[in-house]
1. Along the charge dipole of the chain, pointing to its positive end and built from +1/-1 on Cβ of Lys, Arg, Asp and Glu, which listed residue (PRO143, TRP168, TYR178) has its Cα farthest out?
2. When only C-alpha pairs under 8 Å and at least 6 residues apart count, what is the relative contact order of the chain, in percent?
3. Counting only the heavy atoms of the protein chains, how much of SER222 is accessible to a 1.4 Å probe, in Å² to the nearest 10?
4. Using a 1.4 angstrom probe, figure out how much accessible area the chain has per residue, in square angstrom, rounded to the nearest whole.
5. Taking all protein chains together and a probe of 1.4 Å, list TRP168, TRP129, TRP116, TRP197 from the most accessible to the least accessible.
6. Scan around ARG59 for amide H atoms under 5 Å from its own, H built in the peptide plane at 1.01 Å from N, and keep only partners 5 or more places away or cross-chain.
7. In terms of solvent-accessible area of protein heavy atoms at a 1.4 angstrom probe, what is the ranking of TYR16, TYR119, highest value first?
8. Quick check: with the 1.4 Å probe, what order do THR56, THR64 take by accessible area, largest first?
Amino acid sequence: MLIEHAAGLILVDTGYGEQATVRPDDWVGQDLLRRTNPVLDHPIAKQVEALGFSRTDVRDIIVTHLDLDHAGGLADFPEATVHVHQAELDAVARQPYDRRQRMRYRPAQFGHGPKWSTYDESDSSDDHWFGFQAVRQLHGLPPEILMVPLAGHTPGHVGVALDTGDGWLLHAGDAYSYHGQLADKPSMPLGARVFQWSVDTQRQRRIDNQRRLRDLVRDHRSMVTVFSSHCATEFEQLRAARP
Ligand SMILES: [Zn+2]
């Protein structure tokens, strides 16, 4: 998600980034390349430029989490401030990595020294947003943009809510990955279900947050549009609606 506002561009997540094709072994790793065969030739920095902007116009980046398919493009915007949940940075810093962590967090992607701006969940008594707690405004950014903790997939996973002036958008990152999961009767293809299970770090929190997201859609459908990082159906619906 790219947000244009008076002080510059704000990007939410960055994909694999340009270095994924330059140094795939470090950046992505052969294991994941073989398993998922990701499309690497439309890096987000090029997409920003194709819209007529310079990549240096991106002053702020909010990351839903630091998995390699979301953080790989940070290096293409080295001057940007990167807004991240503290628990996610802690998870990246915790060594040694086991096999699963080696697949999801790639130290090479942080080698340029991102300018982190961090958030935690202390003294969160009144920071509620549609039933979600510890919701934060972001340092130096407009109040229409909120960080919404949605842990489970990773320890510091968040969503990003945006008040467009004509309803809210909630980018839910990888809090879920298939549109059917937010239906009244949730459904999901078996393969996606197995994948989700294999990448949970806090399963009960992931399940609880999906229930909150389902409640949000059921009760506030006309006010909030929720979407996730990896659902092609949601992507096509949003593209058709041109929000
Ligand atoms: Zn992802």
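1. TYR178
2. Details: 429 pairs, mean separation 36.7, N = 243.
In percent, rounded to a whole number, it is 15.
3. 110
4. Numbers: 12240 Å² over 243 residues.
Value returned for the chain: 50 Å² of accessible area per residue.
5. Values: TRP168 50, TRP129 15, TRP116 85, TRP197 150 Å².
Descending order: TRP197, TRP116, TRP168, TRP129.
6. Sorted by chain and number, the residues that satisfy this are LEU9.
7. Working: TYR16 40, TYR119 10 Å².
Listed by decreasing accessible area, they come as TYR16, TYR119.
8. On the way: THR56 100, THR64 0 Å².
Of THR56, THR64, the descending order of accessible area is THR56, THR64.
The values are calculated or read from the model by the stated rules, or taken from the named source; none is laboratory data. Quick caveat: nothing in here was measured; it's all calculated off a predicted structure. Don't worry about glycine lacking a Cβ; one is built from the backbone with ideal geometry, like all the others, and counts go over all protein chains shown. Note: areas computed on protein heavy atoms with side chains; ligands, DNA, RNA excluded. Shrake-Rupley method; radii C 1.70, N 1.55, O 1.52, S 1.80 Å.
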